[in-house]
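Participant: Structure below; questions to follow.
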Amino acid sequence: MNQGTRHIFDNAFREISMKYFPIFLSVVFVVRNQSGAIAQILLEAASVIAEHVSDYEIIVVDNASNDDSISVFKRLADEGGQPNLQVYALTKEVDADTASWVGLENALGDFVAVLDPFIDDIKFLPEMLDEAAAGADVVFANNDQEPAQNFAYRAAKLVFNGLYKWLNGINLTKEAPHYRILSKNVIGFILQHRQPATTYRHLPATGGFSRVNLKYSARPRSVSPRRLGKSVDLGMRLLVSTTQVPMRLVTSLSLFGATANILYCMYVVFIAFWKVDIAPGWISLSLQQSGMFFLLSMVLFVLGEYILHMASLSNEGPLYHVGQEFTSARMTRRERLNIEAAEENPSISTHTPTEGGG
């Protein structure tokens, strides 16, 4: 086999082996203050995605950047810019899960992929699409090379994951990482919940959907240090919003305190009847204290149950507000639709008459 034939054979083999999916894919990126690198990131992402799906859109959620990211996005979405691009610029910085949900609820694709373009490897996306096309509603991907963080953040993360797994039976970092693909069914299921931006993180892993967890190894492109304060706030919000166990523990302790004080009152009365040499005032003081602690415990118990009931019915206001929105002036999906419509309509003639009218 000569070199030219071998080259043709290799190209044909690569085309056959390359995974292609006849689907419309939405890809959600959350970025902040990345004006210098985002244009190249989006260009590389589009080249990878376009090779593997029949149609796509890239949804970028700008998490209240204070650099010139908005100018970059306007230029990318303008005529002659990058096609199939949607940009949502938030007016206030929110956590990554809430920002991701902004893109998810505006996505139109058959499947929606969510990833951090600076940490997650988009080249692993075809492997995830393969599992989704095979029937998985949820596909998670976990990178073995975790971004380096300081000791305090890693310790807090370890404690949170252990506590969350004990309360909910799932390790969010390993079993429900940020890098994921969700089907329309999963997104519709999350939309039925009162706080989808909060429950989005864990519901795909705990909602009973068919899911696949994959692993890969790739060095993160860049790592920004995580703020421990905001991470702790998000962790506490996840704990109290996704499980009733912490509040149920409070009500259980209140009920236990009320019961213990009743038993102590019975003990004091028993001593009063069977003991002779009792310190003056001990009986009245003990009954008074145990009675007051009993009332306090019952008040906490009732308040705890009331809070649990209200928490299950409450519906908080919006967690975010989209200040600006940009859409690519050129959408390849619309161009294909126009071409297909013209081909299917036989009344549209492409024949150019000659000067003689023939």
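Participant: Could you look through the stretch 31-61, keep only residues that are within 17 Å of the chain's Cα centre (by Cα) and either at pLDDT 95 or above or not in a strand (DSSP E or B) (or both), and pick out the one that is farthest from L108 (Cα to Cα)?
Facilitator: Going through the qualifying residues, I end up with R32.
Participant: Scan K165, K174 and give me the residue that is at pLDDT 85 or above, assigned to a helix (DSSP H, G or I), open to solvent by 40 Å² or more (accessible area, probe 1.4 Å) and not hydrophobic (A, V, I, L, M, F, W, C).
Facilitator: Exactly one of K165, K174 is at pLDDT 85 or above, assigned to a helix (DSSP H, G or I), open to solvent by 40 Å² or more (accessible area, probe 1.4 Å) and not hydrophobic (A, V, I, L, M, F, W, C), namely K174.
Participant: Sticking with this one: Here is a check on your reading of the model: is S254 within 30 Å of K165 (Cβ to Cβ), open to solvent by less than 80 Å² (accessible area, probe 1.4 Å), at pLDDT 85 or above and assigned to a helix (DSSP H, G or I)?
Facilitator: Details: within 30 Å of K165 (Cβ to Cβ): yes; open to solvent by less than 80 Å² (accessible area, probe 1.4 Å): yes; at pLDDT 85 or above: yes; assigned to a helix (DSSP H, G or I): yes.
For S254, the condition - within 30 Å of K165 (Cβ to Cβ), open to solvent by less than 80 Å² (accessible area, probe 1.4 Å), at pLDDT 85 or above and assigned to a helix (DSSP H, G or I) - is met.
Participant: Out of all the residues in the stretch 147-165, which are within 18 Å of the chain's Cα centre (by Cα) and free of Cβ contacts under 8 Å to residues at least 24 places away in the same chain?
Facilitator: Answer for the stretch 147-165, where residues must be within 18 Å of the chain's Cα centre (by Cα) and free of Cβ contacts under 8 Å to residues at least 24 places away in the same chain: N161, K165.
Participant: When residues of the stretch 260-289 are filtered for being in contact (Cβ under 8 Å) with a residue 24 or more places away in the chain and more than 48 Å from the chain's Cα centre (by Cα), how many remain?
Facilitator: Number satisfying all stated conditions: 2.
Participant: Give the residues of the stretch 212-246 that are open to solvent by 40 Å² or more (accessible area, probe 1.4 Å) and either at pLDDT 75 or above or touching a strand residue (DSSP E or B) at 6+ places or on another chain (Cβ under 7 Å) (or both), sorted by residue number.
Facilitator: Hits for the stretch 212-246 are N213, K215, S217, R219, R221.
Participant: So which residues in the stretch 176-211 are touching a strand residue (DSSP E or B) at 6+ places or on another chain (Cβ under 7 Å) and of a type in the set (K, R), if there are any at all?
Facilitator: R180, R211
Participant: Name the residue, out of I181, I190, that is surrounded by 17 or more Cβ atoms within 10 Å (Cβ to Cβ), closer than 14 Å to D97 by Cβ and at pLDDT 85 or above. Before the answer, list the steps.
Facilitator: On the way: I181 fails: closer than 14 Å to D97 by Cβ.
When all the criteria are applied, what remains is I190.
Participant: OK, next. Show the residue pairs that are 6+ apart or on different chains and have beta-carbon atoms under 7 Å apart, the first residue being within the stretch 191-220 and in contact (Cβ under 8 Å) with a residue 24 or more places away in the chain and over 23 Å from L129 (Cβ atoms), the second being acidic (D, E) and part of a loop (DSSP other than H, G, I, E, B).
Facilitator: As it stands, the answer is Q195/E316, since those pairs meet every condition given.
The values are calculated or read from the model by the stated rules, or taken from the named source; none is laboratory data. Remember, it's a predicted structure, so these values are computed and weren't measured experimentally. Ideal geometry is used to build each Cβ from the backbone, glycine not excepted, and the neighbour counts take in all protein chains shown. Heavy atoms of the whole protein, side chains included, go into the accessibility calculation; ligands, DNA and RNA do not. Shrake-Rupley method; radii C 1.70, N 1.55, O 1.52, S 1.80 Å.
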